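Notes follow the structure.
Every read-out reported here was derived from the displayed coordinates using simple, explicitly stated rules and does not represent laboratory data. This structure is a prediction, so every number in the text was calculated from the model and none was measured. Reconstructed Cβ throughout: ideal geometry from the backbone, glycine too, with neighbour counts over all protein chains shown.
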Amino acid sequence: MNARRERMKLILLGALIIIAVIQTGMLWLGGMSGHNFLKQTIKYEPIMPTNIWFVETSNSNTGVPGALAYRLDDTTGNEKREYERLIGELSKLMDRQNEEGNMQKTDGVDWVKLLSMPSVIYEYELPIDLASITGESQNQLIKEKIDHVIIYSKNKFEKEATLFLVNSEEDFMYELSAVGTFDDIEKIYKVLTADDLKRHIMAYQPSATIDKVRLAGNSFLPTSSKEILLNYEVLTSYNPIDLSSEEGYEKLESMINGLFVSPLVKEMVQQDENVIYTEDMKTLVVYRPEGVIEYLNLAPRKLQTGTSMLKGYNVALEFIDRVQVMPKSIADNLYLADVKQKGLDFTYSFNMMYEGYRLQLSEEMKANLGMDDLVQVVVRGTDVIEAHFSTLEVVPKEVELKALSTHYLEPIDKMYTLFEKQGIEDFMIDHLELVYLLEGIGEDIDMTWGAVYDHKWYYPLIMRQIPGF
């Protein structure tokens, strides 16, 4: 009996081992549920919003007329950390939606409704898919791209909240109501709307709450009862590479070495004013004296499958961080300005923020650089096949501050005059904000009003930057 019992134990143990092996094999090779489980664990760096706003209403019963907004970047300086906490709350809401299925789509974006309650608004530079917002590659709650995530609550997130996924360009939104606790949102909201903090930061008025302003959708406009709207740091730019000296070549090589597999074996040739570096059919790097480094991968993997916006974005980020062509002060302040897809290739364009304000290149600067943005990275599959970097450094001009006294009505009036002269009568400005404008290397970089109309930037207070003048 004992011998038979031992044999039965061995048979049972062997069966359990075989079952475990089969299940493991299904998980890694054949089982679809196993594959789904693995995919759900993949987490990427999400695309950061251009701005995060906290909207406060003086009285939730009166709604829009008392709405003011405060920008996260003006307050804690830890916007990325706070963003990650808030994205966690967003993921919880979406998980609940997957279970309950109560999301509703509405044609037309009701900004009056969206700005009528205390809210947190994530504002993105362009419409992107939900996976790119959450960093979760399998998140396909909705297939459409969105450019605003808005979470609002009439009781300041204590018991319930409503999530809105908005595409302001195509004019639609999704709405999801949820009941529960939103601890992170509640805590951050209370800190950032406290009276002692608000006295020291800029307040913004949603343009959707202002009557007879020719602005489509909503822009957050800085506002002040004082004559001076704000005092800002004047910036300047310079190219750290001076090829008239040996030190200039050493500086250039220190910037490009990260682009090569084996930088010690690279070869250099001079062609006109350009400096060309090659590495045995692997890498080509060209430096142009206008202040541009161009990279070409001569040996990308031949067999490539398509990638997603999110995965390609992470490939581009890792590449920028690894090669370290740009100074850290600029690389750490880049934001995603545009994404274009052509076949298997994604082109990611990046520009710079300074203290929460974007740095814009004038049309003349774009022409001189041969680039519309400070950084462009082309990704195919898991390879970077091409990249362009501006070598310019942007720094504060000593300790010089300048006062800006022009409020938002003046640039709107200037745009109205411009379009009236061009015979355009019925128009709406798409967007309006304060920006830094880089017009030339070594020149002062001042702050001015930038307006977007029909996907083109105008600077109405600077006449030379207005087409036709």
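Please rank VAL292, VAL112, VAL286, fewest neighbouring Cβ atoms within 10 Å first, as an exposure proxy.
Fewest to most other Cβ atoms nearby, the residues stand as VAL112, VAL286, VAL292.
Suppose each label sits 7 Å from its Cα in the direction of the beta carbon; what would the HIS200-THR406 distance come out to in nanometres?
Distance between the two pseudo-spin positions: 3.0 nm.
Within the set of other residues whose C-beta is less than 13 Å from the C-beta of THR106, count the net charge using Lys and Arg as +1 and Asp and Glu as -1.
-4
I'd like the GluC sites (Glu not before Pro) in segment 387-432 restricted to DSSP loop residues with at most 16 other Cβ atoms within 10 Å, sorted by number.
Those that pass, being in a loop and sparsely packed, are GLU425.
As an exercise, find the ratio Rg/Rh for segment 109-197 from alpha-carbon atoms, using the Kirkwood inverse-distance average for Rh.
So for segment 109-197, dividing Rg by the Kirkwood Rh gives 0.98.
Which GluC sites (Glu not before Pro) from segment 242-346 combine a DSSP loop assignment with at most 10 other Cβ atoms within 10 Å?
When the GluC sites (Glu not before Pro) of segment 242-346 are filtered for loop state and at most 10 Cβ neighbours within 10 Å, GLU273 remain.
For segment 323-469, just say rounded, prolate or oblate: build the C-alpha gyration tensor, square-root its eigenvalues into a ≥ b ≥ c, call rounded for a/c under 1.5, and beyond that prolate if a/b exceeds b/c, oblate if not.
oblate
Counting pairs of Cα atoms in segment 240-391, how many percent are more than 24 Å apart?
Looking at segment 240-391, the distances longer than 24 Å represent 33 percent of pairs.
Show which lysines lie in cross-link reach of LYS266 when reach means a straight Cα distance below 21 angstrom and same-chain residues fewer than eight apart are skipped.
Of all the lysines, those that pass the test against LYS266 - Cα under 21 Å, at least 8 places apart if same chain - are LYS251, LYS282.
Tabulate in residue order the Karplus-calculated ³J(HN,Hα) for segment 371-380, using 6.51 cos²θ - 1.76 cosθ + 1.60 with θ = phi - 60°, rounded to whole Hz; enter x for Gly and Pro.
After applying 6.51 cos²θ - 1.76 cosθ + 1.60, I find 9, 8, 9, 6, 9, 9, 10, 9, 10, 10 Hz.
Can you spot the aspartates and glutamates whose alpha carbon is less than 16 Å from LYS366's alpha carbon? Ignore those fewer than 8 places along the same chain.
List returned: GLU290, GLU294, ASP338, GLU393, GLU439, GLU443.
Rounded, prolate or oblate: which fits segment 205-295, taking a ≥ b ≥ c as square roots of the Cα gyration tensor eigenvalues, rounded meaning a/c under 1.5, else prolate when a/b beats b/c?
Prolate shape, in that a/c is at least 1.5 and a/b is the bigger ratio.
Using modelled backbone amide H atoms (1.01 Å from N, in-plane), which distant-in-sequence or interchain residues come within less than 5 Å of ALA337's amide H?
SER349, PHE350, ASN351
How much net charge surrounds THR347 when only other residues with a Cβ under 13 Å from its Cβ are counted (Lys, Arg +1; Asp, Glu -1)?
Taking every Cβ under 13 Å from that of THR347, the sum is -2.
Can you pull out the trypsin sites (Lys or Arg not before Pro) in segment 295-348 whose DSSP state is coil and whose Cβ has at most 13 other Cβ atoms within 10 Å?
ARG301, LYS302
Would you kindly work out the equivalent ellipsoid of segment 172-249 from its C-alpha gyration tensor and give its semi-axes, the square roots of five times the eigenvalues, largest first in whole Å?
Equivalent-ellipsoid dimensions as semi-axes: 40, 22, 19 Å.
Got a sec? How would MET202, MET415 order by Cβ neighbour count within 10 Å, fewest to most?
MET202, MET415
Quick one: which residues, 5+ away or cross-chain, put their amide H under 5 Å from the amide H of GLU386? H built at 1.01 Å from N.
Counting only residues 5 or more places away or on other chains, the set is ASN297, VAL378.
Using the Karplus curve 6.51 cos²θ - 1.76 cosθ + 1.60 with θ = phi - 60°, what ³J(HN,Hα) values do you get for each residue of segment 257-274, in whole Hz, with x for Gly and Pro?
Going residue by residue, I get 4, x, 7, 9, 5, 10, x, 5, 9, 5, 10, 10, 9, 9, 10, 6, 9, 8 Hz, with x marking Gly and Pro.
Hey, fewest Cβ within 10 Å first, where do ASP454, ASP171, ASP184, ASP373 land in order?
ASP454, ASP171, ASP184, ASP373
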